[in-house]
Amino acid sequence: SLDKTIVINPAPKADAGPDKVVLEGGTVTLTPTIITNIPVTYTWSPATWLSNPNIAKPEASPPADARYTLTVRSDMNCQASDDLVVKLLKNPVIPNIFSPNGDGIHDKWEIDHLESYPGCIVQIFNRYGQMVHRIVNYSAPWDGRINGKDAPVGTYYYIIDPKNGRKPITGYVDIIR
């Protein structure tokens, strides 16, 4: 009788971890599930905007949304891959004046990039400190109306809480007609 030994090498599993968000100009650590039962190497691609593509948990600082693929390779040359997305949250651009007069030019108070912040809250106050408008998730810009009527010309104050690791932003916006 012939005996033959068959060695089955364990295959690595790849889990790149959860998708991430990063503030413009900041960094975020990628957090894959680490494999401890067999010797493996980690390779992230593309390598661009990563602190080190050959470690398990590199820092990422992409200038735009980016998809990264993690490849885990065992010492027996078996491999597996998984992806994650790093979403860039750009700095909100907040105008300090708008003219809701129906001419099609600057009729709404449009805050660029704020729509990408999940859960953000915009509160607008009159000069007496009364809240006159509130927007959650920045689904639509303020049209310069309070309870369906044109807001009086003047200065209004805002508190914008973008959440997602960014501090609240305060300031004023003038309505002109």
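The values are calculated or read from the model by the stated rules, or taken from the named source; none is laboratory data. Values in this document were obtained by computation on a predicted structure and should not be read as measured data. A quick note on method: Cβ atoms are made from the backbone with ideal geometry, for glycine too, and the neighbour counts reach across all protein chains shown. All accessible areas refer to the heavy atoms of the entire protein, side chains included, with ligands and DNA or RNA removed. Shrake-Rupley method; radii C 1.70, N 1.55, O 1.52, S 1.80 Å.
Among D143, D150, which is the only one that is open to solvent by 80 Å² or more (accessible area, probe 1.4 Å) and more than 30 Å from K13 (Cβ to Cβ)?
Numbers: D143 fails: open to solvent by 80 Å² or more (accessible area, probe 1.4 Å).
On inspection, the qualifying residue turns out to be D150.
Taking the range 113-130, which residues are exposed (fewer than 13 other Cβ atoms within 10 Å of the Cβ) and closer than 24 Å to R177 by Cβ?
R127, Y128, G129, Q130
Looking at the range 1-37, which of the residues that are of a type in the set (K, R) and open to solvent by 100 Å² or more (accessible area, probe 1.4 Å) is nearest to K87 (Cα to Cα)?
Per the stated criteria, the residue is K13.
Taking the condition in contact with a strand residue (DSSP E or B) (Cβ under 9 Å, 6 or more places away or on another chain) and either part of a loop (DSSP other than H, G, I, E, B) or open to solvent by 40 Å² or more (accessible area, probe 1.4 Å) (or both), does I105 pass? Show your work before the answer.
Details: in contact with a strand residue (DSSP E or B) (Cβ under 9 Å, 6 or more places away or on another chain): no; either part of a loop (DSSP other than H, G, I, E, B) or open to solvent by 40 Å² or more (accessible area, probe 1.4 Å) (or both): yes.
So I105 fails the test.
Show me the strands (runs of 3 or more DSSP E) entirely contained within the range 18-87 in which 1 or more residues are over 21 Å from the mean Cα position of the chain (by Cα). Can you show your working first?
On the way: elements: 20-23, 40-45, 66-74.
In the range 18-87, 40-45, 66-74 are the strands (runs of 3 or more DSSP E) which contain 1 or more residues that are over 21 Å from the mean Cα position of the chain (by Cα).
Okay, residues lined up against (1) under 18 Å from Y157 (Cα atoms); (2) of a type in the set (V, I, T); (3) more than 14 Å from the chain's Cα centre (by Cα):
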residue: L89; (1), (2), (3): no, no, no
residue: D103; (1), (2), (3): no, no, yes
residue: K108; (1), (2), (3): yes, no, yes
residue: L114; (1), (2), (3): yes, no, no
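Give the residues of the range 150-166 that are modelled with pLDDT of 95 or more and of a type outside the set (S, T, N, Q), sorted by residue number.
Passing the criteria: D150, A151, P152, V153, G154, Y156, Y157, Y158, I159, I160, D161, P162.
Which condition number in (1) touching an Asp or Glu at 6+ places or on another chain (Cβ under 6 Å); (2) surrounded by 14 or more Cβ atoms within 10 Å (Cβ to Cβ) is the one that T43 fails?
Result: T43 fails condition (1) only.
Yes or no: the range 126-133 includes at least one residue that is under 19 Å from the mean Cα position of the chain (by Cα), over 26 Å from P32 (Cβ atoms) and free of Cβ contacts under 8 Å to residues at least 40 places away in the same chain. Don't jump to the end; show me each part of the working.
First, pick out the residues of the range 126-133 that are under 19 Å from the mean Cα position of the chain (by Cα): none.
No, there is no match, as no residue in the range 126-133 is under 19 Å from the mean Cα position of the chain (by Cα), over 26 Å from P32 (Cβ atoms) and free of Cβ contacts under 8 Å to residues at least 40 places away in the same chain.
Of the residues Y138, Y128, which is in a loop (DSSP other than H, G, I, E, B) and at pLDDT below 95?
Y138
How many residues are out of contact with any Leu (no Cβ under 6 Å at 6 or more places or on another chain), buried (at least 17 other Cβ atoms within 10 Å of the Cβ) and farther than 30 Å from Y42 by Cα if we restrict to the range 59-98?
2
Among the residues of the range 108-125, which ones are without any contact (Cβ under 8 Å) to a residue 40 or more places away in the chain and in a strand (DSSP E or B)?
D112, V122, Q123, F125
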